[in-house]
Structures are given as structure tokens and as C-alpha cells.
Amino acid sequence: MSANTPSAQQPPDLPEPAPRGAAVAADVSDAGLRLQRALDQQRRLMSQLRPAQLAMQNALEGILVTDNDGVVTDVNPAFERMTGFLRSEIVGQNAGQLYRWVETPEIQGEIVQHLMRRGFWRGAATFASKTGERHDSLTSISIMRDETGAPQGRVVVFADITELRQTQRLLEKTATTDRLTGLPNALKFDQLLEQALQTAAHQGHRLAVFFVDVDHFKSINDTLGHHVGDEVLREAARTMGDWLGEQAVLCRRSGDEFLAFHPVTQSASEYRALVRTFTPESQIDLAGPPATRITLQFSAGVALFPDDAQDQESLFRAADGALYAAKARGRRCVEPFTPSIGAQTARRMLVERRLALALKEGSLRLAYQPQVDIHTQDILAFEALCRWHDEELGEVSPAEFVAVALDGTLAPPLGRFVLAQVLRDLPALRAQWPHIRVALNASIQEMSHPDYFRHMTASILQAGPDTAQHLEIEVTEDALGQITPALQSQLQALRDLGCQVSMDDFGTGHSSLSRLHQLPLDKIKIDQSFVRQAQDARVQSILKAVIDMCSALGHEVIFEGVETEATLERLVALGARVVQGYIVGRPEPLSHWVNEPPKNRA
Ligand code: C2E
Ligand code: MG
Ligand code: MG
């Protein structure tokens, strides 16, 4: 630095030398002048340095200056704030200690090499504060050179980006995590599974993929509220995590659907056997009030890589097919994939594809089966039953295609088709039977659709003011357990319009007496599986009790699936009045009923 070097040249504004005799005095004043000049120049240089010093003092970035050996010669206040080191503690120390614990030797080597080659380095670096805390920083290191190009040390500037990094990490986590359970989300899961599949293929081991569903979650959510539903899902995630163990990766795919994979190093059959022994179940105690204990149960399907499927998509399909089989087996179990499950899945997918087309093209038909008063032989109502003859698949039974529709996305369009067709056919039926009712089957899947009741009410009102008095909604008994207060009031609203509501397939579900009493019902249809056993004395006493109970509740009773004279006689003896079954009429197209007036006994 040249701050203390006096200038060699005489400045041009010096006064002329003083005459002899006054020499001593002149020498003194000369020396004073030179001193004055030197002081002025120093002040000028100081004032040039001052902005640089102020910049260092006020910079928000930490600045550290070292000599050529990396020994710290200066730091600024921002550096002190960021690192916790006081200037007096760090000056004279080696700057490397700031990085020693946090950067790997490779990174340090890279930085030094870049500095040597290019004279600077810039990048993200982690430094340690005095207390050892790690900080993320955007750092630049430059070699300081003088006018001749000789290195005079280094200047390091740090911007602390710890907060920015935290936000970035949070964002990354949010994008890959399920907020509710803290598990990886579907996106992240797919990436992890893809990697795991590659590893399994490379190392020649198997991988099990699970599809898991919380049984009856929807009714828990609807009846106990969403906050309980959330707690249930968190608990479900915990239970499944415990069940599958640490090696598994679990994610919540959507709603109550979970996916997991697990490396399998033992044999496939051993693994399947092990999986079969699990009965996934867990209890949750809700604090209340009122304090409630919920028993959580799961159904799961599992498929093995590479035995059952070789890529992610087919593994998902196989595990999903196995889950479907687990539900069909009565839920609360784990079902491993088998080739026959594969064939059923393929058939379901084909039926679903063809059904979607049939609904679009309007190629489904309705059949009407009468409900007859066996005392008067009058037809009181018809049940509308869907029929489908597909070009490729031939005649497909409603038991099959309705199940496919209910399981997928086709329940609402199927319901809308039936309603529209019934409303078109109703005038012809009413012309023949002025007091007739037509019963439509409504699944819980359809009724839970946000548009169901709005669409139904609008269609009924559009069809004419008294249309509702000729309609009836059949809800299956197993669906009744899932009828929420909201659905219940929607059904009541339809009754207020004039529709009737009946419970279909009574005897196959689990309706409790209290539930029967609460529901907005007009009729109860006793399932044919019961009716067929009408000769059995014990069944007779049950049927008698049901008839008595229904009359006490003010519900009409209909016996379904009556096929023989013997059954009919037995039912009449028990007090039955209305029956539906082959003995009184099969499901037939509209033309059968309206062209030739029915003979009252088929
Ligand atoms: P469901 O509502 O209980 O309908 C009665 C079923 O019993 C009909 O079967 C009918 O043909 C059959 N059946 C009637 N009388 C007798 C009899 O005497 N003996 C025997 N063995 N069977 C009799 P189908 O038409 O095969 O329908 C089966 C189920 O499919 C229906 O049971 C209903 O749950 C469902 N389904 C049919 N059409 C529709 C629809 O349009 N929408 C919905 N959601 N479900 C429908
Ligand atoms: Mg029915
Ligand atoms: Mg039925």
C-alpha cells in the first residue's frame, strides 16, 4: 500500500525560497509545509479508502479477507453476525476451519483447483458457525492481485441462504409428501418403485406390491366427520407401516387407498404364505366426547415382481385385481394375485370398456317384472331391470355388469339411462294401469354422486307433476348401512315429492332394528334366498316375525323370487300379500306388457 509514501515531486504551487539571514526560520517553515503536504495527501488517500471501508462495514454479505496462505486478515460485521466469530477471534486464524467439518475434501480440492485456474470460485457452500451449526451459503472467492498482478490474498463473500434452502427443502417435501399422513405421495412412490424394480431386476430378487383399502372408510368419514376420517387415515398409515415393516415403502394413493412395496428375498411361495397369515386390524380410541373406539380393518391385494407382472403398470393392475378378490372374499384379508384373478380382472376391464360404449350408444334395454297382489291378482308395480346384449360378449348378466359399473365410474351413467328410459316408458304403463309404480334400483355409488338427487328431481319434475307418485327407489340392504344423514334427508325429500323408497334384498345385509326404524322407508323386499327356504319351519318363524315387524313399522312387505306354487301357498299362509317372482311374471320388455294385457297369473 502506498498510503504512507511521500510524493517525490515538488508540487507546482510551492512559494519562492526565503532570503539569507532568515535561513533558520525559513527551514523551519519549509519542514512545516512538507509535513502539511504529507498530511494532506494521507487525508486524501484516507478519504479514498473510506468508501471501501464503509462498504465492508455495511455489506449484508459476510466478507472475509485472507493473505496468500489463507490466514484471515480481516472480516466485516456481517461475517461476525453470520458465523458468531468475533473479528479478534478469527483474524490470524486459518480460514479453512470454517469449512473443515462440513465440506468434503473433494469439494475443497475442486474449489482450490478452480481458484488456481480461473482466479475465482463461486457456488453453494456450507460453512460452520462458531457453535458448529451448519449454514448454507452462496459463496464467492476471488484472488486479490495488485497492479503488477501479484497475488495479495483472497476475498471471500458469503450470502447466507439457509432460510432460502429451508424453504426450498420444504417445497420439495410438500411436492413429494402426502400432507395428511406424512408418507411419500403417489408421484414420489412411483419414482421409488421404479428404482426398486430396477434394483430388484439387477440383483435378481423379488418385489411385492400391495394395494390396501381401509374397509368401510367412507361410512366412517360420513358418519363421524372428516376430522375423525383424517385421524383414521393417519392411524391406518401407522398400522400399515407397522404391519409391513421397515423395509417397505408405503404411500397413500388417494382417499383410503394405500400402496406399498417390499423387497422379497425369500421364495415367492413362502412369502405368499406369510402374507396370508396377516389379518390387518387396528383399534383407534377417539377422545370424544363421546369417547369412541373404532376397529379399523383392511383389505389388501398383493402382486409379485417378476412372477406376476414385470412392469409398474401391470403390477398395479395385478395388485388391484387381487384387492378386488380380497373384497369379494369378505374383506379384512390379504389376497395374493393368481392367474385366475388375472383372468377375472381382464374380463372386468373388457366388460367395463364395452359397457361404456353400450351406454354411449344407448344399446341397453329395460325389462319390467311385475309385483302382484296375490289376493286380487292385480299388478301393483313393476321393477325396472337392466338388460344388455353385447355384440362381442353376448348376453351379459346384470349381476356381472352392474357390479362392474358400481365398482368403476359407470354407475351414474347407468342410473341416468334407467331413469330416462323409465320416464319414457311410464306413460304407456300408466295408460294400462293408472295407479302403477315403477321401481328403480339405486346403488349407494349412484346416490353418493353429488348430482344424483338434483338430476333425479329435475327429471321427475320435467316429466310431469304427478310422475313422482308412480316411482319407487329400491336401495339394497347392504347400502342402507352407508346411508348418511345427508343421503337420508335427500331420500326423504324424494318421498315428500311422492316417490316411495324400498329396502331391497332384505335378509342379506345387516340392518339393525333401530336403523330400520330411522330410515325413510315405505317397503321392504324380502330376498329370494330367504323366500326359497320358505318350507323350513325356522325360516317360517323368521318370515312371520319380519311380516309382523314391518306391519308395526308401517312398511309394506314384498316377497322376491317366488318360483313355485308351494312357496306361494306357504307365504300366503304366513300372511304375505305382494310377491314378485317367476310364478307371477318374469322380467319382460315393455312391449310384452303394454301390447298384450297380462294374464294375472303367469
Ligand atoms: P334385484 O333388484 O334384487 O332384482 C331381482 C332379481 O331377481 C332380478 O335379477 C330378477 O330377474 C330376479 N328374479 C325375479 N324373480 C325371480 C325368480 O322367481 N327366480 C329367480 N331365480 N330370480 C328372480 P336380475 O335382473 O338378474 O338383476 C340382478 C340384480 O342386478 C338386481 O337384483 C339388481 O340388484 C341389479 N340390477 C338390475 N338392473 C339394475 C339397474 O338398472 N340398476 C342397478 N343399480 N341395479 C340393477
Ligand atoms: Mg331390486
Ligand atoms: Mg332384490
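Below, the figures for the structure above:
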item	result
Sequence of TRP433, TRP593 from largest to smallest accessible area, 1.4 Å probe	TRP433, TRP593
Cα-centred dipole magnitude for the chain, charges only on beta-carbon of K, R (+1) and D, E (-1), debye, nearest 20	800 debye
Contact order normalised by residue count of the chain, Cα under 8 Å, 6+ apart, percent	7 percent
Magnitude of the charge dipole, the range 56-166, Cβ model with Lys/Arg +1 and Asp/Glu -1, debye to 20	140 debye
Mean ellipticity per residue at 222 nm, deg cm²/dmol - from DSSP H runs of n ≥ 4 across the chain, formula -39500 (n - 2.57)	-14500 deg cm²/dmol
Nearest 10 degrees, 0 to 90: helix 398-407 Cα axis against the chain principal axis	20 degrees
Too-long pairs where the Cα-Cα distance tops 29 Å, listed order kept, from LYS218/LYS544; LYS130/LYS188; LYS218/LYS523; LYS218/LYS525	LYS218/LYS544; LYS130/LYS188
Antiparallel bridges, percent of DSSP beta bridges restricted to the chain (to nearest 5)	75 percent
Inter-label distance for THR277 and ARG117, nm, one decimal - labels placed 7 Å from Cα along Cα-to-Cβ	5.9 nm
Solvent-accessible area per residue, Å², over the range 349-595 with all protein chains present [probe radius 1.4 Å]	45 Å²
Förster radius 51 Å - calculated FRET efficiency between ALA248 and SER397, Cβ distance, rounded to 0.05	0.80
Rounded accessible area per residue of the range 178-337, 1.4 Å, Å²	48 Å²
Percent carbon-and-sulfur accessible area, the chain, ignoring ligands, DNA and RNA, probe 1.4 Å	53 percent
Efficiency of FRET between ARG238 and SER340 - r from beta-carbon atoms, R0 30 angstrom, step 0.05	0.35
Residues of the range 56-166: accessible area per residue with a 1.4 Å probe, Å²	58 Å²
Virtual spin-label span in nm between ARG134 and GLU163, 7 Å along Cα→Cβ	2.1 nm
Helix 312-328 vs. the chain, principal-axis angle (Cα, 0 to 90°, nearest 10)	40 degrees
Shape of the range 349-595, Cα gyration tensor, a/c cut at 1.5	rounded
Inter-site label distance for GLN518 and ARG34 at 7 Å from Cα along Cβ, in nm	11.0 nm
Angle in degrees between helix 186-203 and the longest Cα principal axis of the chain, rounded to the nearest 10	80 degrees
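The values are calculated or read from the model by the stated rules, or taken from the named source; none is laboratory data. From a predicted model like this one, the values you see are computed outputs, not experimental measurements. So basically every Cβ, Gly included, is an ideal-geometry build from the backbone, and we count neighbours across all protein chains shown. Just the protein is used for accessible areas: all its heavy atoms, side chains included, with ligands, DNA and RNA removed. Shrake-Rupley method; radii C 1.70, N 1.55, O 1.52, S 1.80 Å.
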